[in-house]
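To keep things clear, I will list the structure first and then write my remarks on it.
Values in this text are rule-based calculations from the coordinates and carry no lab data. Everything numeric here is computed off the predicted structure, so don't read it as measured data. Cβ sites come from the backbone with ideal geometry, for glycine too, and all protein chains shown count toward neighbours.
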Amino acid sequence: MCSHYEAPLRKLLQSAYPSAAIPDAWDAPDMWPGYIGPFLRRPPGHDAGDEAVPALQVDLGNFGLVPAWAKDETLSRRTYNARSETVAQKPAFRDAWRRAQHCIVPAVAIYEPDWRSGRSVPTRIGRADGEPMGIAGLYEQRRTADGRTAFSFTMLTLNADAHPIFRELHRPDPRLGPDAQDKRMVAILPRGLYDAWLDAPVEKSMDFMRMFPADRLVAEARPAGPAAQLNISV
């Protein structure tokens, strides 16, 4: 599960998505659950034939999905990732999944703990070609008590027991055998599938839950910075 990632700064995001409408600024790129960061989605009316409406829109949202029924945003500390196998049943995610509220979470890199040495070693994982990753996600919007529209998002995950990189990460579960650990990875999308994911109906959503090739990623031990001291379960 991914609780820590680097969001691209505005200049890099504009370069990667030149046709997208992008807000001026957001929180520091070091992202943890509850922080505000960018995500990409289709804007309302994008398919109405109006050339003034961009094909992509970048909104700022809470990292951690906050459904409309939530009393406040503290739920985001537990909803930053959604298991693709159970997302359709979980109360926090099922409405966004049913409505196919697909989004892309841009990330320069993600951090995961490597426990092979017997202790947690923060490991930075990014694309080998240096491009930002596009992670398949779901977004939600809700009306706050003061009348604002607040966005939030989550990253979708899938089993990675067979992935050459992600199978080595996270603390092993002693209750399970080495071949049944349910190691997880986020659903990193190939660039050529971005549009297809954003436009996919709910019955096609699971088609995109595939392991991203290991030879297109680079993993290296890297200190996670002072925010790693936060008490966040991974």
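Among 102, 163, sorting on how many other beta-carbon atoms sit within 10 Å of each Cβ, with the fewest leading, yields 163, 102. Among 32, 115, sorting on how many other beta-carbon atoms sit within 10 Å of each Cβ, with the fewest leading, yields 115, 32.
Number of Lys pairs in the range 4-228 with C-alpha atoms less than 28 angstrom apart, excluding same-chain neighbours closer than eight positions? Provide the component values of the computation, followed by the final result.
Details: 71/90; 90/183; 90/204; 183/204.
Lysine pair count for the range 4-228: 4.
Counting neighbouring beta carbons within 10 Å and listing from fewest to most, the residues 144, 154 come out as 144, 154.
A compact globular protein would have a Cα radius of gyration near 2.2 N^0.38 Å; the ratio found for the range 4-228 is 1.00. Relative contact order, whole percent, for the range 1-93 stands at 26, derived from Cα pairs under 8 Å and 6 or more residues apart.
For the chain, give the magnitude of the charge dipole about the Cα centre (Cβ charges: +1 Lys/Arg, -1 Asp/Glu; no others), in debye to the nearest 20.
With Lys and Arg at +1 and Asp and Glu at -1, about 580 debye.
With runs of 4+ DSSP H residues as the only contributors, calculate the mean residue ellipticity of the chain at 222 nm using -39,500 (n - 2.57) per run, divided by the residue total and rounded to the nearest 500. About -1500 deg cm²/dmol. Counting 0.36 nm for each residue step from residue 90 to residue 1 and taking away their Cα separation leaves a gain of 30.4 nm.
Entry note, the chain: relative contact order of 21 percent, from Cα contacts under 8 Å with a spacing of 6+ residues.
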